[in-house]
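Chemist: There's a structure below that I have some questions on.
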Amino acid sequence: MQTLQAFFLRYSLRRALMVFALAQILGTGLSLGLVNTVPLLIAIPGSGTELLRGLPALLIIAVVGVELLGRRIDPREELVLVFQRISRADIAALVVFNLALGMASILVVLLSFQLVSPAQPSSMAALGIAAVTSTTLAPISEEIVFRGWLFNGLKRRFQVWPAILLSSLAFAAIHPSISLITTFVFGVLVAIAYEKTQNIWVSILIHALNNLLISAQAITEHMLISAGLANQSTDLSQLTLVLGLPSVLLMILLGRYLIRQKQFFNLLVPLRAGQMAG
């Protein structure tokens, strides 16, 4: 019986690009149609932006779901293997390391962004939609596209490290913002975690938790502003500073653990040597 990892390893890069492009076109068209016709969406500021992010992702997941069903592949089996083949300490280190990187990037992005442009207002409803989308649809669809399809497709043509760097550049390119560099670094780390575990669920879980942290931070900021406990400049910068600097320290400590104890950047060494085959 074919595994989920084998499915991605054999997936045609040309087919993947076609599915991705069609999902963006159809999802964007459907989103624009809905946001201009559904009264509830019209009444929620910012909902259109979140639909533009969510519907293409949903279409990609639907296509992959149909293909997996046709090949009788149960993706839940490899989710279970995450906890059977990788130690909890390794999972915790990977997750917290990437969460720390995410929080450190928030520090850089927020402080830099406020130097060039004021924060854009958003509604709590739109932030709620964004939180659901960014912690469910986005991690699954983006990991399918950039790690499952693109990284594996590039790896068939190049060495592992060029595939990691190129797929991470593409990942950063679809997140155009001042955080481009940190997004690229995050993509590299997630790609390494995927390569060392050979399990797409590891990168999905790391990605989802990272996005959950960012969503929680955005919602917290909105609540503080709405309650009059903070403004959109100095107070939020100080709040992020308090959270960001400890995260940088945590990232350094966990990075030392992963690099020295787990040989994180040696892609020939899985996270648990001798137990990741198959």
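Chemist: Can you tally the net charge around Ser12? Count Lys and Arg as +1, Asp and Glu as -1, for every other residue whose Cβ sits under 13 Å from the Cβ of Ser12. Display every interim value, and only then the final one.
Modeler: On the way: positive: Arg10, Arg14, Arg15, Arg156, Arg157; negative: Glu67.
Its environment carries a net charge of +4.
Chemist: A further question follows. Where the centre of each part is set by its Cα atoms, how far does region 154-195 sit from region 5-20, in angstrom?
Modeler: 17 Å
Chemist: Once R0 is set to 51 Å, what does the formula 1/(1 + (r/R0)^6) return for the Cβ-Cβ distance between Gln159 and Ala216, expressed as a FRET efficiency to the nearest 0.05? List each step's numbers first, then the result.
Modeler: Details: r = 38 Å, r/R0 = 0.74.
For R0 = 51 Å, the calculated efficiency reads 0.85.
Chemist: Work through the residues other than Val160 whose Cβ is under 14 Å from its Cβ and net out their charges, Lys, Arg +1 and Asp, Glu -1.
Modeler: Values: positive: Arg147, Lys155, Arg156, Arg157, Lys196; negative: Glu195.
Residues near Val160 contribute +4 overall.
Values in this text are rule-based calculations from the coordinates and carry no lab data. All values derive from a computational prediction rather than experimental measurement. Quick reminder, even Gly has a Cβ in these numbers, built from the backbone with ideal geometry, and neighbours come from all protein chains shown.
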